[in-house]
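Every number in this text was worked out from the coordinates using simple rules, so none of it is lab data. Since we're looking at a predicted model, the values are computed, not measured. Glycine also receives a Cβ, built like all others from the backbone with ideal geometry; neighbour counts cover every protein chain displayed.
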Amino acid sequence: MYEEVKNKKDIVMDLSDTETTARICRALSSETRLEILKCLVAKAMTISELAEAFYLPMSSMCLHIKTLKEANLITVVPKPGMRGSQKLCGIKTANVSLDVFAHVNKITRKPPVFVNMPIGHYCNCEISPPCGIASAVSYLYYEDSPYGFYSPDRTDASLLWFTRGFLEYQFSNYSLLQDKVSQIEFSFEVCSEAPGYNNNWPSDITFELNHKKIVTFLTKGDYGGRKGIYNPSWWSESNTQFGEYKKIYVTHSGCYMDNQKISDETIESLGLLNDYFFSFILKVDSDSQHVGGMNLFGKHFGDYAQDIVMKVEYENG
């Protein structure tokens, strides 16, 4: 029996929010995911039932479900059972459309500026082994040798890992001076560092701007057990595979992560509009409660095809 259409919200995409629109379009760009939606229109199913129906490994089906859920196309809720809790999937929306002209009728705003910082383009570092550095095609130096972090080849890095220390990057603030900035967003993929991988390996990672601490966040593990979506074929499945996706926002009222205020520092108090650049630092302190190291992912590793990205948004025109 087909699930009722009532109470299911429509999604109307428009070009003023290209990030959300692109996420939905990516979810709908797979024939497999479209067939999954077709099944869920007929009835709600658990992830294991879907994996069996499509003759797919659970890991692959979980990735498809994650993509559909992040696009708000389906719901995923726990379902208690005799063999433990399972995740039940159901249709969330009845209609998806794109209004190409919707953004024209909204208040005009200067489009956001994206600045990509390759993870190997740090200006300073301090590294304690075990550590390593790899590009999309090979290791760039011997494992557990900090010398690789000072090699000219480091600019090709797409995965960096170390036990203690820091990486410092310098972002040009040119885009911050082109108009009145409303917020600055930093996004990156990161996790802990353990031998091989260990999904239960906590680490405290500190984020600083212009040498002022913004937040120390906890990563729960050095993740593996299934291949990272963008990992190259030569990378062993016994190693780190993917990380946690972090977004940190800096505004005129404070800094935010996961919809929570994490610091009273502002664009002004951090001095982000001064000089020609500002520093961006990720570090693992020796005196942290959880010294579990750090893996930092570039666009050729992990689950997100990006390096460190700064997004600058401007006030309404």
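Let me spell out the model: positive unit charges on the Cβ of Lys and Arg, negative unit charges on the Cβ of Asp and Glu, origin at the Cα centre of the chain. What dipole size does that give, in debye rounded to 20?
The calculated dipole for the chain is roughly 1140 debye.
Using the basic label-point model (7 angstrom from Cα toward the beta carbon), what is the K180 to A305 distance in nanometres?
With each label point 7 Å from Cα toward Cβ, the separation is 3.7 nm.
Projected area of the range 9-104, taken from the Cα convex hull and averaged over every viewing direction, in nm²?
Orientation-averaged projected area of the Cα hull: 6.4 nm².
Along the charge dipole of the range 73-223, which of C123, V76, V137 sits closest to the positive end, that is, farthest toward it, with unit charges on the beta carbon of Lys, Arg, Asp and Glu (+1, +1, -1, -1)?
V76
Any chance you could run the full-extension gain for E19 through D275? It's 0.36 nm times the residue separation minus the Cα-Cα distance, nm to one decimal.
Contour length minus the Cα-Cα distance gives 89.1 nm.
For the chain, which span is the longest to avoid every loop-located (per DSSP) member of GluC sites (Glu not before Pro) having at most 11 other Cβ atoms inside 10 Å?
5-267
Would you mind counting up the charge near L28? Only other residues with Cβ under 15 Å from its Cβ, with Lys and Arg at +1 and Asp and Glu at -1.
+3
Summing Lys, Arg as +1 and Asp, Glu as -1, what charge do residues with Cβ under 12 Å from the Cβ of P202 carry, P202 excluded?
My count for the surroundings of P202 gives -3.
Among the trypsin sites (Lys or Arg not before Pro) within the range 81-189, which fall in a DSSP loop and have no more than 13 other Cβ atoms within 10 Å of their own Cβ? Could you put the intermediate results ahead of the total?
On the way: sites: R83, K87, K92, K106, R109, R154, R164, K180; in loops: R83, K92, K106, K180.
The qualifying sites are R83, K106, K180.
Which label marks the calculated value of Rg and Dmax of the Cα atoms in Å, given the options (i) 21.5, 64; (ii) 27.5, 91; (iii) 18.9, 59?
(i)
Would you mind telling me which residue in I47, I184, I133 has the biggest mean-square fluctuation in a Gaussian network model of the chain, where springs connect alpha carbons within a distance under 10 angstrom?
Highest fluctuation of the listed residues: I47.
Could you give the nm distance between label points at V137 and M58, where each point is 7 Å from its Cα heading toward the beta carbon?
Calculated label separation equals 3.8 nm.
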